[in-house]
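Asker: Structure in structure tokens, see below.
No lab work stands behind these numbers, since they all come straight from the coordinates. Only a predicted model underlies this, so the values are computations on that prediction, with no experimental measurement involved. Here the Cβ positions follow ideal geometry from the backbone for every residue, glycine too, while neighbour counts run over all protein chains shown.
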Amino acid sequence: MTKIQSICEFLDQFAPTSLAEEWDNVGLILGDPNRDAKQVMTCLTVTPESASEAIEKNVDLIVSHHPLPFSATKRITTDRTPTRLIWELAQAGVSIYSPHTGFDSAVGGINQMLCDRLGIASTAPVIPNRKNPEMPGAGRIGKLSSPTTLREFAEKIKVDFELPRLQVVGDLDAKVQRIATACGSGGSFLSKAVARGAECLVTGEATFHSVLEARASNAGMILMGHYFSERFAIEVLAEKMSAEFSDAKVWASERECDPLQSV
Ligand SMILES: [Zn+2]
């Protein structure tokens, strides 16, 4: 029977914890690596919905992109949601592994998957990893096969990812070809991406001030939504793990969804 430890080792190969940002909290962050991993669920975030799915379906290991706990935690009590979830999951024997920024930056990680899906080739990291500058690193920058307008590119993303909404910053008729990606909350990548020649940054979400910065530097910015810029990769990860560990049942959480609605 596959042990949680074997899954941790596989994940650390695929999305190395050594690539994670210093402020991050990655790897096995709750649980017992020596237990069997019969049921494994991936998710973007441990929420009341995904946690109850895990408990009801007797999950042994949650692989959650976003860490829980994320920040330093001195008490595990039920009066706050994050620590209540930790308490409930621990009692149900559920472990948590988080690859987070290691997965964002890995050679085949989320930013590379975004580029592959968007037809962005000849990619390189926006911020190369110091130890291995050629391949992994934070964000990606590359080229579309031919120039397109910002409007057409944004519309294609909306269709390809089946997005309920999408926000765009910049001149919709401007031609773009050199594109950067930064999954999740990636507004802080803008200046480095522009310095590397990016005409457009595709990210999940950005602050108003990052959006103004994009306008001021004549760069396009496409906001897919944090959830949609990363959730697809959680589904890919579940498929990869399922193929690797045939004796475990692996699936992506069916209960988690984008918390944002449009009215
Ligand atoms: Zn994220």
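Asker: Before rounding to the nearest 500, sum -39500 (n - 2.57) across all DSSP H runs of length at least 4 in the chain and divide by the residue total; then give [θ] at 222 nm in deg cm²/dmol.
Answerer: -10000 deg cm²/dmol
Asker: Next question. Find how much the distance from residue 122 to residue 72 grows on full extension, using 0.36 nm per residue of separation minus their present alpha carbon separation; answer in nm with one decimal.
Answerer: Answer, rounded to one decimal: 14.1 nm.
Asker: As I understand it, the dipole of the stretch 107-228 uses +1 on the Cβ of Lys and Arg and -1 on the Cβ of Asp and Glu, about the Cα centre. Which of 198, 148, 127 lies farthest toward its positive end?
Answerer: Positive-end residue among those listed: 127.
Asker: What is the dipole size for the stretch 53-126, taken about its Cα centre, with +1 at each Lys and Arg Cβ and -1 at each Asp and Glu Cβ, in debye to the nearest 20?
Answerer: Charge dipole, the stretch 53-126, about its Cα centre: 260 debye, nearest 20.
Asker: Under a cut-off of 30 Å between alpha-carbon atoms, report the lysines in cross-link reach of residue 158, not counting same-chain residues fewer than 8 places apart.
Answerer: Straight-line reach from residue 158, under 30 Å: 143, 175, 192, 240.
Asker: Positive end of the dipole of the stretch 103-251, charges at C-beta (+1 Lys, Arg; -1 Asp, Glu), about the Cα centre: which of 106, 216, 118 has its Cα farthest in that direction?
Answerer: 216
Asker: In debye, nearest 20, what is the charge dipole magnitude of the chain about its Cα centre with +1 on Lys and Arg Cβ and -1 on Asp and Glu Cβ, if you could check?
Answerer: For this selection, approximately 540 debye.
Asker: Let me ask something additional. Between residue 36 and residue 163, what FRET efficiency follows from the Cβ-Cβ distance if R0 is 41 Å, with the result rounded to 0.05?
Answerer: The pair residue 36/residue 163 has a calculated efficiency of 0.60.
Asker: Compute the FRET efficiency between residue 244 and residue 132 as 1/(1 + (r/R0)^6), taking r as their Cβ-Cβ distance and R0 = 25 Å, and round to the nearest 0.05.
Answerer: E between residue 244 and residue 132, to the nearest 0.05, is 0.60.
Asker: Calculate, for residue 174 and residue 258, the FRET efficiency according to 1/(1 + (r/R0)^6) with r their C-beta to C-beta distance and R0 30 Å; round to the nearest 0.05.
Answerer: E(calc), rounded to 0.05, equals 0.55.
Asker: Sticking with this one: Towards the positive end of the charge dipole of the stretch 8-100, with charges on Cβ (+1 Lys, Arg; -1 Asp, Glu), say which of 90, 54, 31 has the farthest Cα.
Answerer: Result: 90, furthest along the dipole toward the positive end.
Asker: Given charges of +1 on the Cβ of Lys and Arg and -1 on the Cβ of Asp and Glu, with all other atoms neutral, how large is the dipole of the stretch 4-103 about its Cα centre, in debye to the nearest 20?
Answerer: About 280 debye.
Asker: Separation between the residue 18 and residue 212 pseudo-spin-labels, each 7 Å from Cα along Cα→Cβ, expressed in nm?
Answerer: 4.2
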